[in-house]
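The values are calculated or read from the model by the stated rules, or taken from the named source; none is laboratory data. This is a predicted model, so every value here is computed, not measured. Note: ideal-geometry Cβ built from the backbone for every residue, glycine included; neighbour counts use all protein chains shown. In case anyone asks, the SASA skips ligands and DNA or RNA and just uses the protein heavy atoms, side chains included. Shrake-Rupley method; radii C 1.70, N 1.55, O 1.52, S 1.80 Å.
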Amino acid sequence: IERLVNLHPSKVVFEEGFFDFRTQVDKIDILIMPSSYEGFGIAAVEAAKLGKIIIGYDVVGLKDSILENETGNKVALNDVESLVKLVRFYSKNPDKMRSFQKKSLEVSRKKFSSSLLIANLRSELDL
């Protein structure tokens, strides 16, 4: 995390403990989720629906909520080097970042819409 913060110290929001997602998400371009486990990754889905790029570890919860090269990128667990490389890539390529953010917004609204998630849940529960 420290290496990521050192990339752009004035632009990095780092919160320990509780993170007020609703008030902070508008301030970011990239959501980094260095979690070793997530329940479903609802923060990733919500961020993508707002056109944010999500970068996280390829772990339970994020496997399904980060759509590779559509809403973000997944890297191997504890591969900090790859996290840093992706943040650097997007930071140095603002046109690519904006293009990816637009794609993230479009894809996530189609694949993670409330009605689709409810329909899938009903189907799985046989309702």
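Remark: Ser114 matches the filter, which requires a residue to be loosely packed, with under 14 Cβ neighbours inside 10 Å, polar (S, T, N, Q) and modelled with pLDDT under 90. Among the residues making up segment 75-111, a single one is farther than 18 Å from Ile28 by Cβ and surrounded by 17 or more Cβ atoms within 10 Å (Cβ to Cβ): Val75. Selection of segment 59-73 for residues being open to solvent by 10 Å² or more (accessible area, probe 1.4 Å), of a type outside the set (S, T, N, Q) and closer than 13 Å to Ala48 by Cα yields Asp64, Leu67, Glu68, Glu70.
Can you tell me which residues in segment 21-37 are free of Cβ contacts under 8 Å to residues at least 60 places away in the same chain and part of a loop (DSSP other than H, G, I, E, B)?
Selection gives Ile28, Pro34, Ser35, Ser36, Tyr37.
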